[in-house]
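The values are calculated or read from the model by the stated rules, or taken from the named source; none is laboratory data. Treat the numbers as computed from the prediction; the structure is a model and nothing was measured. Counting neighbours? That spans all protein chains shown, and the Cβs are built from the backbone with ideal geometry, glycine included.
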Amino acid sequence: MIDLGLTNKRAIVVGAGHRPPRPGIGRATALLLAEGGARVACVDLDHERAATVAGEIRAAGGEAMVVTGDVRLGDEVDRIVGEVASAFGGIDICIDVVGEATWGRIPDFGEDAWDWAVETNLKQVFLVLQSAARQMRSQGTGGALAAVASVDGIMGSPAHIAYGCAKAGVVHLVKTLSEELGPHNIRANAVAPGKVFVPTEEHPEPGPGVDVTTPLRQPWALDIARALVFFCSDLAGAVSGQTLAVDGGASVKGVWDFPPEMISALMAR
């Protein structure tokens, strides 16, 4: 078995609760960290959501605590990080999965909607990773930061103007954090999901043909969680400032997206 180096690591998962019908990336990440031996602080705006996941961790024999707060507010973030550091004796890992897409065409996209999208998808990520980095730097023991970006922050996406810009900001944020914090042995990376699969009665699992936008299959919550945990494990000890797309190959498809019959016709010329 590969040792991920997570045993007794002190981890924060911001957005650990599961809010159906969303895919549950935070929950999957918290459970996977605990499975690897980490002590996990489940942070969420909703106490019940976080407590449910913490209960799952404890039921499986792991250690978890619950902290409730609004990470869009700097003072709240510092309180949350302080509570976890006090309870665990420090912080080694901080993962932020909070975010939510907004839709709207550019001519009609309002200023309030823009501010909400940027605050929810970028500002709070900065506040969380900044506060965790301060704690890690003061400890002098290094650490790993990770956040959820999106393929919408890597390539264009109609009707996602504010969301895409905010997620592009996350991609840049981990690069800058990586350069500034590297001398303190603190790494920062991001995972960029594509369209994440949510189980239904008709399709309980992702697979070929369920979603035609991906050459492979849609990722689901566990796929994103695995990438986040990889970045925070010893396997990624020399990896920092990177954004990994976990999207079933959707973002690497050819720009022309020719249907099979057109390709056959072109080859027959």
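Rundown of residues vs (1) within 22 Å of residue 46 (Cα to Cα); (2) hydroxyl-bearing (Ser, Thr, Tyr), yes/no style:
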{"site": "71", "(1), (2)": "yes, no"}
{"site": "77", "(1), (2)": "yes, no"}
{"site": "97", "(1), (2)": "yes, no"}
{"site": "117", "(1), (2)": "yes, no"}
{"site": "122", "(1), (2)": "yes, no"}
{"site": "127", "(1), (2)": "yes, no"}
{"site": "131", "(1), (2)": "yes, yes"}
{"site": "158", "(1), (2)": "no, no"}
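Can you say whether residue 13 is assigned to a strand (DSSP E or B), farther than 30 Å from residue 200 by Cα and out of contact with any Pro (no Cβ under 9 Å at 6 or more places or on another chain), as far as the supplied structure shows? Answer is no for this residue.
Go through 57, 80 for me and flag whichever is hydrophobic (A, V, I, L, M, F, W, C), touching a strand residue (DSSP E or B) at 6+ places or on another chain (Cβ under 6 Å), closer than 22 Å to residue 125 by Cα and buried (at least 22 other Cβ atoms within 10 Å of the Cβ).
The unique qualifying residue is 80.
Screening the stretch 17-131 for strands (runs of 3 or more DSSP E) wholly inside it with 1 or more residues that are closer than 24 Å to residue 153 by Cα and touching a Leu at 6+ places or on another chain (Cβ under 7 Å) returns the ranges 93-96. If you go through the stretch 132-147 and pick out every residue that is of a type outside the set (Lys, Arg) and outside any strand (DSSP E or B), you end up with 9.
Between 150, 138, which is hydroxyl-bearing (Ser, Thr, Tyr) and either within 22 Å of residue 23 (Cα to Cα) or in contact with a strand residue (DSSP E or B) (Cβ under 9 Å, 6 or more places away or on another chain) (or both)? Don't jump to the end; show me each part of the working.
Values: 138 fails: either within 22 Å of residue 23 (Cα to Cα) or in contact with a strand residue (DSSP E or B) (Cβ under 9 Å, 6 or more places away or on another chain) (or both).
Of 150, 138, the one residue that is hydroxyl-bearing (Ser, Thr, Tyr) and either within 22 Å of residue 23 (Cα to Cα) or in contact with a strand residue (DSSP E or B) (Cβ under 9 Å, 6 or more places away or on another chain) (or both) is 150.
Pairs are defined by a Cβ separation below 9 Å, a sequence spacing of at least 6 or placement on different chains, a first member in the stretch 255-268 that is assigned to a loop (DSSP other than H, G, I, E, B), and a second member that is surrounded by 10 or more Cβ atoms within 10 Å (Cβ to Cβ) and not small (Gly, Ala, Ser); the pairs so defined are 256/262.
With within 30 Å of residue 7 (Cβ to Cβ) and either surrounded by fewer than 16 Cβ atoms within 10 Å (Cβ to Cβ) or in contact with a helix residue (DSSP H, G or I) (Cβ under 7 Å, 6 or more places away or on another chain) (or both) as the only criterion, which of 143, 164, 156, 194 stands out? Give the derivation first.
Details: 164 fails: within 30 Å of residue 7 (Cβ to Cβ); 156 fails: within 30 Å of residue 7 (Cβ to Cβ); 194 fails: within 30 Å of residue 7 (Cβ to Cβ).
Result of the check over 143, 164, 156, 194: 143.
Across the stretch 176-212, the qualifying residues are those that are touching a strand residue (DSSP E or B) at 6+ places or on another chain (Cβ under 8 Å) and not aliphatic (A, V, I, L, M), and the one among them that is nearest to residue 121 (Cα to Cα) is 193. Might you check whether a residue that is at pLDDT below 95, over 17 Å from residue 30 (Cβ atoms) and among the small types (Gly, Ala, Ser) occurs anywhere in the stretch 77-87? Scanning the stretch 77-87 turns up no residue that is at pLDDT below 95, over 17 Å from residue 30 (Cβ atoms) and among the small types (Gly, Ala, Ser). Tell me, yes or no, whether the stretch 225-240 has at least one residue that is part of a helix (DSSP H, G or I), more than 27 Å from residue 19 (Cβ to Cβ) and of a type in the set (A, V, I, L, M). Yes: one or more hits.
All but one of (1) of a type outside the set (S, T, N, Q); (2) under 14 Å from residue 242 (Cα atoms); (3) buried (at least 22 other Cβ atoms within 10 Å of the Cβ); (4) touching a Leu at 6+ places or on another chain (Cβ under 7 Å) hold for residue 174; state the number of the condition that does not hold. Condition not satisfied by residue 174: (4). Can you confirm whether residue 257 is surrounded by 15 or more Cβ atoms within 10 Å (Cβ to Cβ), more than 20 Å from residue 12 (Cβ to Cβ) and modelled with pLDDT under 80? Taking the combined requirement at face value, the residue does not satisfy it.
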